[in-house]
Amino acid sequence: MNLTELKAWEIADGLRNKDFSCEDITKEYFKNIKATDDEINAYISTMEDEATKKAKEVDQKFVNREELSEIAGVPISIKDNISVKNVGMTCGSKMLENYVSPYDATLISKIKNSDGIILGKVNLDEFAMGQSTRTSYFGVTKNPLDLTRVSGGSSGGSAASVASREAAISIGTDTGGSVRQPSSFCGVVGVKPTYGSISRFGVTSMANTFDQAGVVARDVRDAITMLNIIEGRDEKDATSVGNSCLKSEFNFKGDLEENLKGVKFAIPSAFLDMDIDPIVKGEFEKAIEVLKSNGAIVESYKIDSLKYLIETYNILVNGEISSNMSRFDSVRFGHRTQREFSNIEEMYKMSRGEGFGNEVKRRIMIGTHILSLDYAKDYYEKAQKVRGLIIKEMNDLYNSFDIMLCPTAPCLSLKIDSEMSLTEMYQSDLYTIPANMIGAPSISLPMPIGENGLSVGIEFTANRFKDKDLLNAALGFERSLQK
Ligand code: GLN
(Lines give C-alpha, C1' and ligand atoms only; values in the text may rest on other atoms or scores of the structure.)
Protein backbone atom coordinates (compact mmCIF):
# COMPACT_ATOMS: atom_id res chain seq x y z
CA MET A 1 0.00 0.00 0.00
CA ASN A 2 1.29 3.46 -0.89
CA LEU A 3 0.53 5.43 2.25
CA THR A 4 0.65 8.81 0.56
CA GLU A 5 -2.33 7.80 -1.60
CA LEU A 6 -4.60 7.62 1.44
CA LYS A 7 -7.02 10.41 2.23
CA ALA A 8 -6.84 11.94 5.71
CA TRP A 9 -9.88 10.03 6.94
CA GLU A 10 -8.38 6.79 5.60
CA ILE A 11 -5.17 7.58 7.48
CA ALA A 12 -7.24 8.14 10.65
CA ASP A 13 -8.95 4.76 10.14
CA GLY A 14 -5.66 2.98 9.39
CA LEU A 15 -3.98 4.37 12.50
CA ARG A 16 -6.89 3.20 14.64
CA ASN A 17 -6.80 -0.25 13.06
CA LYS A 18 -3.01 -0.36 13.56
CA ASP A 19 -2.51 -1.00 9.83
CA PHE A 20 0.53 1.29 10.02
CA SER A 21 2.06 3.75 12.45
CA CYS A 22 2.14 7.51 12.32
CA GLU A 23 5.91 7.31 12.02
CA ASP A 24 5.52 5.12 8.90
CA ILE A 25 3.19 7.67 7.35
CA THR A 26 5.44 10.60 8.17
CA LYS A 27 8.49 8.83 6.75
CA GLU A 28 6.62 7.99 3.58
CA TYR A 29 5.60 11.62 3.12
CA PHE A 30 9.14 12.93 3.56
CA LYS A 31 10.38 10.32 1.14
CA ASN A 32 7.91 11.60 -1.41
CA ILE A 33 8.74 15.24 -0.70
CA LYS A 34 12.45 14.51 -1.29
CA ALA A 35 11.68 12.68 -4.53
CA THR A 36 9.17 15.20 -5.87
CA ASP A 37 9.70 18.67 -4.56
CA ASP A 38 12.85 19.66 -6.42
CA GLU A 39 10.61 19.67 -9.48
CA ILE A 40 7.27 20.87 -8.03
CA ASN A 41 8.67 23.48 -5.60
CA ALA A 42 5.68 23.37 -3.24
CA TYR A 43 7.68 23.68 -0.01
CA ILE A 44 9.63 26.71 1.16
CA SER A 45 10.76 24.91 4.32
CA THR A 46 10.26 21.45 5.76
CA MET A 47 10.12 20.37 9.41
CA GLU A 48 11.27 16.76 9.28
CA ASP A 49 12.73 16.59 12.80
CA GLU A 50 9.74 18.19 14.53
CA ALA A 51 7.29 16.13 12.45
CA THR A 52 9.08 12.86 13.23
CA LYS A 53 9.17 13.69 16.94
CA LYS A 54 5.47 14.51 16.92
CA ALA A 55 4.68 11.32 14.98
CA LYS A 56 6.39 9.22 17.66
CA GLU A 57 4.38 11.02 20.36
CA VAL A 58 1.15 10.35 18.50
CA ASP A 59 2.03 6.66 18.09
CA GLN A 60 2.58 6.49 21.85
CA LYS A 61 -0.80 8.09 22.46
CA PHE A 62 -2.42 5.42 20.29
CA VAL A 63 -0.59 2.74 22.27
CA ASN A 64 -1.89 4.35 25.48
CA ARG A 65 -5.40 4.19 23.99
CA GLU A 66 -5.91 7.91 24.44
CA GLU A 67 -8.94 9.47 22.80
CA LEU A 68 -7.51 11.20 19.72
CA SER A 69 -8.92 13.67 17.21
CA GLU A 70 -9.83 12.84 13.62
CA ILE A 71 -6.68 14.55 12.37
CA ALA A 72 -4.30 12.89 14.82
CA GLY A 73 -1.33 11.64 12.81
CA VAL A 74 -2.43 13.31 9.56
CA PRO A 75 0.41 15.00 7.59
CA ILE A 76 -0.38 18.66 6.92
CA SER A 77 1.31 21.50 5.02
CA ILE A 78 0.86 25.14 5.99
CA LYS A 79 0.90 28.17 3.70
CA ASP A 80 3.94 30.25 4.53
CA ASN A 81 1.98 33.31 5.64
CA ILE A 82 0.74 31.54 8.78
CA SER A 83 2.86 31.60 11.94
CA VAL A 84 4.28 28.35 13.26
CA LYS A 85 6.38 28.94 16.37
CA ASN A 86 10.17 28.83 15.86
CA VAL A 87 9.80 28.14 12.13
CA GLY A 88 10.59 30.58 9.32
CA MET A 89 7.71 32.51 7.77
CA THR A 90 8.63 34.17 4.50
CA CYS A 91 5.23 35.09 3.05
CA GLY A 92 6.93 34.31 -0.27
CA SER A 93 8.95 37.51 0.08
CA LYS A 94 12.58 38.51 0.28
CA MET A 95 11.38 40.97 2.93
CA LEU A 96 10.86 38.09 5.40
CA GLU A 97 13.43 35.66 4.03
CA ASN A 98 15.07 35.27 7.45
CA TYR A 99 12.09 35.92 9.72
CA VAL A 100 11.21 33.26 12.31
CA SER A 101 7.74 33.29 13.90
CA PRO A 102 7.87 33.78 17.67
CA TYR A 103 4.44 32.24 18.28
CA ASP A 104 1.79 29.91 16.86
CA ALA A 105 -1.25 31.22 14.98
CA THR A 106 -4.42 30.18 16.80
CA LEU A 107 -5.31 27.77 14.03
CA ILE A 108 -1.85 26.19 14.33
CA SER A 109 -2.28 25.73 18.10
CA LYS A 110 -5.54 23.96 17.34
CA ILE A 111 -3.86 21.64 14.83
CA LYS A 112 -1.01 20.91 17.23
CA ASN A 113 -3.41 20.28 20.12
CA SER A 114 -5.32 17.89 17.87
CA ASP A 115 -2.09 16.01 17.06
CA GLY A 116 -1.91 16.93 13.38
CA ILE A 117 1.59 16.43 11.92
CA ILE A 118 2.90 19.65 10.38
CA LEU A 119 5.34 18.77 7.59
CA GLY A 120 6.42 22.26 6.59
CA LYS A 121 5.55 25.60 5.04
CA VAL A 122 4.41 25.93 1.45
CA ASN A 123 4.82 28.48 -1.32
CA LEU A 124 2.55 31.37 -2.18
CA ASP A 125 2.47 34.51 -4.27
CA GLU A 126 4.33 37.25 -2.41
CA PHE A 127 2.18 38.21 0.60
CA ALA A 128 -0.65 36.25 -1.09
CA MET A 129 -0.94 38.79 -3.92
CA GLY A 130 -1.42 36.96 -7.18
CA GLN A 131 -3.00 33.98 -8.87
CA SER A 132 -0.07 31.83 -10.04
CA THR A 133 2.78 31.75 -7.42
CA ARG A 134 4.79 33.54 -10.08
CA THR A 135 5.15 36.55 -7.77
CA SER A 136 6.85 34.43 -5.07
CA TYR A 137 10.47 35.32 -4.31
CA PHE A 138 11.07 31.56 -4.09
CA GLY A 139 10.00 30.81 -7.67
CA VAL A 140 6.88 29.32 -9.17
CA THR A 141 5.21 26.16 -7.85
CA LYS A 142 4.55 23.85 -10.78
CA ASN A 143 1.23 22.17 -11.36
CA PRO A 144 1.56 18.43 -10.57
CA LEU A 145 -0.95 17.68 -13.34
CA ASP A 146 1.23 19.38 -15.96
CA LEU A 147 4.71 20.58 -15.09
CA THR A 148 4.66 23.24 -17.78
CA ARG A 149 1.81 25.01 -16.01
CA VAL A 150 1.40 27.00 -12.79
CA SER A 151 -0.26 25.57 -9.71
CA GLY A 152 -2.37 28.72 -9.36
CA GLY A 153 -2.39 31.12 -6.49
CA SER A 154 -1.91 32.47 -4.17
CA SER A 155 -2.03 29.20 -2.17
CA GLY A 156 -0.34 27.31 -5.05
CA GLY A 157 2.00 25.47 -2.68
CA SER A 158 -0.97 24.24 -0.68
CA ALA A 159 -2.84 22.89 -3.71
CA ALA A 160 0.27 21.40 -5.33
CA SER A 161 1.39 19.72 -2.09
CA VAL A 162 -1.96 17.95 -1.77
CA ALA A 163 -2.18 17.08 -5.47
CA SER A 164 1.38 15.67 -5.55
CA ARG A 165 0.83 13.71 -2.33
CA GLU A 166 3.39 15.80 -0.47
CA ALA A 167 0.74 16.47 2.22
CA ALA A 168 -2.62 14.89 2.98
CA ILE A 169 -4.24 18.25 3.76
CA SER A 170 -3.08 21.85 3.53
CA ILE A 171 -4.08 25.14 5.13
CA GLY A 172 -4.20 28.16 2.85
CA THR A 173 -5.65 31.64 2.98
CA ASP A 174 -8.30 33.16 0.74
CA THR A 175 -8.71 36.91 0.22
CA GLY A 176 -10.15 36.80 -3.27
CA GLY A 177 -9.99 33.14 -4.23
CA SER A 178 -6.52 32.02 -3.18
CA VAL A 179 -7.61 28.68 -1.75
CA ARG A 180 -10.22 27.85 -4.39
CA GLN A 181 -8.47 28.85 -7.62
CA PRO A 182 -5.28 26.79 -7.13
CA SER A 183 -7.43 23.88 -5.96
CA SER A 184 -9.34 24.16 -9.21
CA PHE A 185 -6.07 24.17 -11.22
CA CYS A 186 -4.58 21.18 -9.36
CA GLY A 187 -7.67 18.93 -9.22
CA VAL A 188 -8.29 19.04 -5.46
CA VAL A 189 -11.00 20.40 -3.14
CA GLY A 190 -10.56 23.94 -1.75
CA VAL A 191 -12.90 25.62 0.71
CA LYS A 192 -13.08 28.91 2.55
CA PRO A 193 -15.72 29.08 5.29
CA THR A 194 -17.79 32.10 6.33
CA TYR A 195 -15.67 35.13 7.25
CA GLY A 196 -14.83 35.01 10.95
CA SER A 197 -15.17 31.23 11.29
CA ILE A 198 -11.43 30.76 11.81
CA SER A 199 -9.24 33.10 13.83
CA ARG A 200 -6.86 35.27 11.81
CA PHE A 201 -4.51 35.64 14.78
CA GLY A 202 -1.06 34.72 13.48
CA VAL A 203 -2.19 34.80 9.85
CA THR A 204 -0.38 37.57 7.97
CA SER A 205 -2.94 40.15 6.91
CA MET A 206 -3.36 41.01 3.28
CA ALA A 207 -6.78 42.71 3.39
CA ASN A 208 -8.36 42.18 6.79
CA THR A 209 -12.00 42.52 5.82
CA PHE A 210 -11.58 39.88 3.10
CA ASP A 211 -9.02 37.44 4.53
CA GLN A 212 -10.02 34.02 5.78
CA ALA A 213 -8.04 30.82 6.19
CA GLY A 214 -9.28 27.80 4.27
CA VAL A 215 -8.54 24.15 3.63
CA VAL A 216 -7.19 22.27 0.61
CA ALA A 217 -7.99 18.56 0.71
CA ARG A 218 -8.39 15.43 -1.38
CA ASP A 219 -12.13 15.26 -0.76
CA VAL A 220 -14.98 17.12 0.92
CA ARG A 221 -14.97 14.88 3.95
CA ASP A 222 -11.32 15.69 4.71
CA ALA A 223 -12.02 19.39 4.31
CA ILE A 224 -14.98 19.22 6.70
CA THR A 225 -12.91 17.33 9.27
CA MET A 226 -10.19 19.99 9.22
CA LEU A 227 -12.64 22.91 9.34
CA ASN A 228 -14.20 21.37 12.40
CA ILE A 229 -10.78 21.42 14.13
CA ILE A 230 -9.65 24.96 13.26
CA GLU A 231 -13.00 26.77 13.52
CA GLY A 232 -13.74 28.87 16.60
CA ARG A 233 -14.09 32.26 18.20
CA ASP A 234 -10.79 33.59 19.48
CA GLU A 235 -10.38 36.53 21.80
CA LYS A 236 -7.12 37.40 20.03
CA ASP A 237 -9.03 38.20 16.81
CA ALA A 238 -11.91 40.61 17.32
CA THR A 239 -13.43 39.70 13.95
CA SER A 240 -13.55 35.99 14.69
CA VAL A 241 -16.97 34.71 15.66
CA GLY A 242 -16.56 30.96 15.28
CA ASN A 243 -19.05 28.94 13.31
CA SER A 244 -20.90 26.21 15.13
CA CYS A 245 -22.34 24.76 11.92
CA LEU A 246 -18.85 23.52 11.10
CA LYS A 247 -19.14 21.40 14.22
CA SER A 248 -22.36 19.73 12.99
CA GLU A 249 -22.69 16.04 12.31
CA PHE A 250 -22.26 15.31 8.61
CA ASN A 251 -23.27 12.10 6.97
CA PHE A 252 -20.40 10.76 4.85
CA LYS A 253 -22.13 7.54 3.86
CA GLY A 254 -25.38 6.51 2.24
CA ASP A 255 -27.14 8.19 -0.66
CA LEU A 256 -25.31 11.50 -0.57
CA GLU A 257 -26.72 12.42 -3.98
CA GLU A 258 -29.98 12.92 -2.11
CA ASN A 259 -28.40 16.05 -0.64
CA LEU A 260 -28.95 17.78 -3.98
CA LYS A 261 -32.67 17.19 -4.24
CA GLY A 262 -34.57 20.49 -4.37
CA VAL A 263 -31.44 22.60 -3.76
CA LYS A 264 -31.72 25.82 -5.74
CA PHE A 265 -28.63 26.98 -7.64
CA ALA A 266 -28.33 30.42 -9.27
CA ILE A 267 -25.84 31.23 -12.04
CA PRO A 268 -25.27 35.00 -12.22
CA SER A 269 -25.89 35.91 -15.86
CA ALA A 270 -23.04 38.45 -15.83
CA PHE A 271 -20.66 35.53 -15.29
CA LEU A 272 -21.63 33.87 -18.53
CA ASP A 273 -21.05 37.03 -20.55
CA MET A 274 -17.31 36.97 -19.99
CA ASP A 275 -14.70 35.08 -21.99
CA ILE A 276 -14.63 31.51 -20.73
CA ASP A 277 -12.24 28.86 -21.95
CA PRO A 278 -14.28 26.34 -24.03
CA ILE A 279 -13.01 23.40 -21.96
CA VAL A 280 -14.09 25.13 -18.74
CA LYS A 281 -17.45 25.90 -20.31
CA GLY A 282 -17.90 22.28 -21.37
CA GLU A 283 -17.14 20.98 -17.89
CA PHE A 284 -19.45 23.57 -16.35
CA GLU A 285 -22.28 22.42 -18.60
CA LYS A 286 -21.63 18.83 -17.53
CA ALA A 287 -21.77 19.92 -13.89
CA ILE A 288 -25.14 21.58 -14.44
CA GLU A 289 -26.44 18.33 -15.96
CA VAL A 290 -25.18 16.33 -12.97
CA LEU A 291 -26.89 18.69 -10.55
CA LYS A 292 -30.17 18.67 -12.47
CA SER A 293 -30.23 14.91 -12.87
CA ASN A 294 -29.99 14.61 -9.09
CA GLY A 295 -32.98 16.82 -8.50
CA ALA A 296 -31.33 20.23 -8.08
CA ILE A 297 -32.85 23.34 -9.63
CA VAL A 298 -30.46 25.44 -11.70
CA GLU A 299 -31.45 28.86 -13.04
CA SER A 300 -29.73 31.97 -14.24
CA TYR A 301 -30.08 35.16 -12.22
CA LYS A 302 -29.31 38.80 -12.95
CA ILE A 303 -27.15 40.79 -10.52
CA ASP A 304 -26.17 44.14 -11.98
CA SER A 305 -23.69 45.15 -9.31
CA LEU A 306 -21.38 42.22 -10.12
CA LYS A 307 -20.29 44.27 -13.15
CA TYR A 308 -18.31 46.45 -10.73
CA LEU A 309 -16.91 43.57 -8.73
CA ILE A 310 -13.28 43.59 -9.91
CA GLU A 311 -12.85 47.36 -9.66
CA THR A 312 -14.45 47.46 -6.22
CA TYR A 313 -12.36 44.56 -4.96
CA ASN A 314 -9.11 46.06 -6.19
CA ILE A 315 -9.76 49.47 -4.66
CA LEU A 316 -10.72 48.08 -1.26
CA VAL A 317 -8.10 45.33 -1.15
CA ASN A 318 -5.26 47.59 -2.26
CA GLY A 319 -6.28 50.17 0.33
CA GLU A 320 -6.09 47.57 3.05
CA ILE A 321 -2.85 46.15 1.61
CA SER A 322 -1.07 49.51 1.64
CA SER A 323 -1.93 49.97 5.27
CA ASN A 324 -0.95 46.41 6.23
CA MET A 325 2.36 46.50 4.39
CA SER A 326 3.49 49.59 6.30
CA ARG A 327 4.44 47.38 9.24
CA PHE A 328 7.35 45.99 7.23
CA ASP A 329 9.62 48.90 8.07
CA SER A 330 12.91 46.95 8.38
CA VAL A 331 13.34 48.36 11.88
CA ARG A 332 11.74 45.71 14.06
CA PHE A 333 12.01 42.86 11.56
CA GLY A 334 12.37 42.18 7.87
CA HIS A 335 15.03 42.78 5.23
CA ARG A 336 17.46 45.62 5.98
CA THR A 337 19.51 47.14 3.17
CA GLN A 338 23.27 46.58 3.22
CA ARG A 339 23.86 49.85 1.39
CA GLU A 340 24.91 53.09 3.08
CA PHE A 341 22.07 55.39 4.13
CA SER A 342 22.20 58.78 5.78
CA ASN A 343 18.79 58.94 7.46
CA ILE A 344 15.89 56.70 8.41
CA GLU A 345 13.80 57.80 5.45
CA GLU A 346 16.51 56.56 3.10
CA MET A 347 16.81 53.30 5.06
CA TYR A 348 13.06 52.66 4.64
CA LYS A 349 13.19 53.37 0.94
CA MET A 350 16.21 51.20 0.23
CA SER A 351 15.10 48.30 2.39
CA ARG A 352 11.53 48.23 1.15
CA GLY A 353 12.69 48.83 -2.42
CA GLU A 354 14.93 45.76 -2.19
CA GLY A 355 12.62 43.61 -0.05
CA PHE A 356 9.33 43.83 -1.96
CA GLY A 357 8.65 42.50 -5.46
CA ASN A 358 6.83 44.38 -8.22
CA GLU A 359 3.28 43.17 -7.53
CA VAL A 360 3.49 44.17 -3.88
CA LYS A 361 4.95 47.56 -4.76
CA ARG A 362 2.25 48.13 -7.34
CA ARG A 363 -0.50 47.41 -4.84
CA ILE A 364 1.08 49.58 -2.13
CA MET A 365 1.26 52.48 -4.56
CA ILE A 366 -2.31 52.10 -5.80
CA GLY A 367 -3.59 51.63 -2.26
CA THR A 368 -1.73 54.66 -0.91
CA HIS A 369 -3.04 56.76 -3.77
CA ILE A 370 -6.68 55.84 -3.31
CA LEU A 371 -6.52 56.33 0.45
CA SER A 372 -4.87 59.73 0.17
CA LEU A 373 -6.79 62.76 1.36
CA ASP A 374 -7.63 64.01 -2.13
CA TYR A 375 -8.83 60.69 -3.50
CA ALA A 376 -10.33 58.67 -0.64
CA LYS A 377 -13.78 60.11 -1.20
CA ASP A 378 -13.79 59.38 -4.92
CA TYR A 379 -12.37 55.89 -4.70
CA TYR A 380 -12.29 54.24 -1.31
CA GLU A 381 -15.57 55.60 0.01
CA LYS A 382 -17.35 54.98 -3.26
CA ALA A 383 -16.05 51.42 -3.38
CA GLN A 384 -17.34 50.87 0.17
CA LYS A 385 -20.79 51.91 -1.05
CA VAL A 386 -20.62 49.55 -4.01
CA ARG A 387 -19.59 46.77 -1.64
CA GLY A 388 -22.78 47.51 0.31
CA LEU A 389 -24.77 47.31 -2.90
CA ILE A 390 -23.20 43.98 -3.86
CA ILE A 391 -23.99 42.61 -0.38
CA LYS A 392 -27.59 43.74 -0.73
CA GLU A 393 -28.02 42.21 -4.17
CA MET A 394 -26.37 38.97 -3.13
CA ASN A 395 -28.71 38.82 -0.14
CA ASP A 396 -31.60 39.17 -2.59
CA LEU A 397 -30.20 36.24 -4.56
CA TYR A 398 -30.07 34.16 -1.39
CA ASN A 399 -33.68 34.99 -0.62
CA SER A 400 -34.66 32.88 -3.62
CA PHE A 401 -31.69 30.52 -4.02
CA ASP A 402 -29.46 28.37 -1.79
CA ILE A 403 -26.22 28.41 -3.72
CA MET A 404 -24.49 30.54 -6.33
CA LEU A 405 -22.98 28.35 -9.04
CA CYS A 406 -20.12 29.02 -11.46
CA PRO A 407 -16.80 27.61 -12.59
CA THR A 408 -14.06 28.48 -10.07
CA ALA A 409 -11.95 30.17 -12.74
CA PRO A 410 -12.77 31.14 -16.33
CA CYS A 411 -9.52 29.64 -17.60
CA LEU A 412 -7.37 26.54 -17.25
CA SER A 413 -4.11 26.64 -15.36
CA LEU A 414 -1.73 28.98 -17.21
CA LYS A 415 1.49 27.99 -18.87
CA ILE A 416 4.38 29.04 -16.61
CA ASP A 417 5.84 31.32 -19.29
CA SER A 418 2.52 32.65 -20.62
CA GLU A 419 2.14 36.37 -20.80
CA MET A 420 -1.18 37.44 -19.42
CA SER A 421 -1.84 41.14 -19.01
CA LEU A 422 -2.50 42.47 -15.52
CA THR A 423 -6.10 43.27 -16.35
CA GLU A 424 -6.66 39.76 -17.67
CA MET A 425 -5.11 38.37 -14.49
CA TYR A 426 -7.29 40.51 -12.25
CA GLN A 427 -10.39 39.69 -14.33
CA SER A 428 -9.78 35.98 -13.89
CA ASP A 429 -10.67 36.32 -10.17
CA LEU A 430 -14.25 37.31 -11.02
CA TYR A 431 -15.89 34.09 -9.88
CA THR A 432 -14.08 33.73 -6.58
CA ILE A 433 -14.26 37.32 -5.31
CA PRO A 434 -18.01 37.54 -4.50
CA ALA A 435 -17.60 35.18 -1.54
CA ASN A 436 -14.89 37.38 0.01
CA MET A 437 -16.79 40.55 -0.77
CA ILE A 438 -19.75 39.39 1.29
CA GLY A 439 -17.94 37.07 3.73
CA ALA A 440 -19.65 33.94 2.42
CA PRO A 441 -18.51 30.30 2.47
CA SER A 442 -17.39 28.92 -0.88
CA ILE A 443 -15.93 25.68 -2.21
CA SER A 444 -14.19 24.55 -5.38
CA LEU A 445 -14.92 20.96 -6.40
CA PRO A 446 -12.85 19.25 -9.10
CA MET A 447 -14.51 17.70 -12.14
CA PRO A 448 -12.92 14.39 -13.15
CA ILE A 449 -9.63 15.03 -14.96
CA GLY A 450 -10.26 15.28 -18.70
CA GLU A 451 -8.34 13.92 -21.68
CA ASN A 452 -5.97 16.88 -21.65
CA GLY A 453 -4.93 15.90 -18.11
CA LEU A 454 -6.03 19.25 -16.68
CA SER A 455 -8.52 20.03 -13.98
CA VAL A 456 -11.59 22.28 -13.93
CA GLY A 457 -13.16 23.30 -10.64
CA ILE A 458 -16.86 23.95 -10.05
CA GLU A 459 -17.61 26.54 -7.39
CA PHE A 460 -20.52 26.60 -4.94
CA THR A 461 -21.03 29.71 -2.79
CA ALA A 462 -23.74 29.87 -0.09
CA ASN A 463 -24.85 32.73 2.13
CA ARG A 464 -23.02 33.61 5.36
CA PHE A 465 -23.25 30.88 7.98
CA LYS A 466 -24.86 28.49 5.55
CA ASP A 467 -21.65 26.43 5.54
CA LYS A 468 -23.52 23.31 6.50
CA ASP A 469 -25.88 23.52 3.51
CA LEU A 470 -22.91 24.30 1.26
CA LEU A 471 -20.87 21.33 2.45
CA ASN A 472 -23.81 18.95 2.28
CA ALA A 473 -24.48 19.96 -1.32
CA ALA A 474 -20.75 19.56 -2.01
CA LEU A 475 -20.79 16.03 -0.59
CA GLY A 476 -23.76 15.25 -2.83
CA PHE A 477 -22.11 16.64 -5.93
CA GLU A 478 -18.83 14.85 -5.24
CA ARG A 479 -20.66 11.56 -4.81
CA SER A 480 -22.66 12.05 -8.02
CA LEU A 481 -19.43 12.54 -9.95
CA GLN A 482 -18.08 9.23 -8.69
CA LYS A 483 -20.89 7.28 -10.32
N1 GLN B 1 -5.80 36.57 -6.82
C2 GLN B 1 -6.36 37.51 -5.90
C3 GLN B 1 -5.46 38.70 -5.74
O4 GLN B 1 -4.39 38.68 -6.25
C5 GLN B 1 -6.66 36.87 -4.59
C6 GLN B 1 -5.51 36.69 -3.70
C7 GLN B 1 -5.86 36.00 -2.42
O8 GLN B 1 -6.96 35.44 -2.27
N9 GLN B 1 -4.96 36.04 -1.48
O10 GLN B 1 -5.83 39.68 -5.17
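Looking at the stretch 20-36, which of its residues are under 15 Å from residue 59 (Cα atoms) and in contact with an Asp or Glu (Cβ under 8 Å, 6 or more places away or on another chain)?
Selection gives 21, 22, 23.
Any chance you could count how many residues in the stretch 320-329 are at pLDDT 95 or above and more than 19 Å from residue 210 (Cβ to Cβ)?
Number satisfying all stated conditions: 1.
For the stretch 374-483, which helices (runs of 4 or more DSSP H) that fit wholly inside it have 2 or more residues that are open to solvent by less than 30 Å² (accessible area, probe 1.4 Å)? Quick ask: steps written out before the conclusion?
Details: elements: 382-400, 422-427, 433-438, 467-482.
Ranges flagged: 382-400, 433-438, 467-482.
Are there any pairs with C-beta distances below 9 angstrom linking a residue in the stretch 365-391 that is charged (D, E, K, R) to a residue that is outside any loop (DSSP other than H, G, I, E, B), with the two at least 6 apart or on different chains, and if so which?
Close Cβ pairs satisfying both conditions: 378/370; 382/312; 382/315; 387/312; 387/313; 387/316; 387/437; 387/438.
Here is a list: 293, 305, 269. Which entry is small (Gly, Ala, Ser) and touching a helix residue (DSSP H, G or I) at 6+ places or on another chain (Cβ under 7 Å)?
Details: 293 fails: touching a helix residue (DSSP H, G or I) at 6+ places or on another chain (Cβ under 7 Å); 269 fails: touching a helix residue (DSSP H, G or I) at 6+ places or on another chain (Cβ under 7 Å).
The unique qualifying residue is 305.
I'd like the full set of residues that are among the β-branched types (Val, Ile, Thr) and either touching a Pro at 6+ places or on another chain (Cβ under 9 Å) or open to solvent by 10 Å² or more (accessible area, probe 1.4 Å) (or both), limited to the stretch 177-198. Please lay out each step first, then the result.
Filtering the stretch 177-198 down to residues among the β-branched types (Val, Ile, Thr) leaves 179, 188-189, 191, 194, 198.
Within the stretch 177-198, 188, 189, 191, 194 qualify.
Which one of these is more than 16 Å from the ligand (Cβ to nearest atom), open to solvent by less than 20 Å² (accessible area, probe 1.4 Å) and within 16 Å of the chain's Cα centre (by Cα): 211, 174, 234, 222? Talk me through it step by step, then tell me what you get.
Details: 211 fails: more than 16 Å from the ligand (Cβ to nearest atom); 174 fails: more than 16 Å from the ligand (Cβ to nearest atom); 234 fails: within 16 Å of the chain's Cα centre (by Cα).
Selected residue: 222, the only one of 211, 174, 234, 222 that is more than 16 Å from the ligand (Cβ to nearest atom), open to solvent by less than 20 Å² (accessible area, probe 1.4 Å) and within 16 Å of the chain's Cα centre (by Cα).
Being polar (S, T, N, Q), within 18 Å of residue 438 (Cα to Cα) and within 16 Å of the ligand (Cβ to nearest atom): is that true of residue 204 here?
no
Okay, residues lined up against (1) in contact with a Lys or Arg (Cβ under 9 Å, 6 or more places away or on another chain); (2) within 13 Å of the ligand (Cβ to nearest atom):
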residue: 127; (1), (2): yes, yes
residue: 131; (1), (2): no, yes
residue: 139; (1), (2): no, no
residue: 145; (1), (2): no, no
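Report the residue count in the stretch 18-45 for those that are farther than 26 Å from residue 155 by Cβ, among the acidic types (Asp, Glu) and open to solvent by less than 90 Å² (accessible area, probe 1.4 Å).
Qualifying residue count for the region: 2.
The values are calculated or read from the model by the stated rules, or taken from the named source; none is laboratory data. Keep in mind that what you see is a predicted model, and the values were worked out from it rather than measured. Methodologically, a virtual Cβ is constructed for each residue, glycine included, from the backbone with ideal geometry; neighbour enumeration extends over all protein chains shown. Protein only, heavy atoms only, side chains kept; ligands, DNA and RNA dropped before computing areas. Shrake-Rupley method; radii C 1.70, N 1.55, O 1.52, S 1.80 Å.
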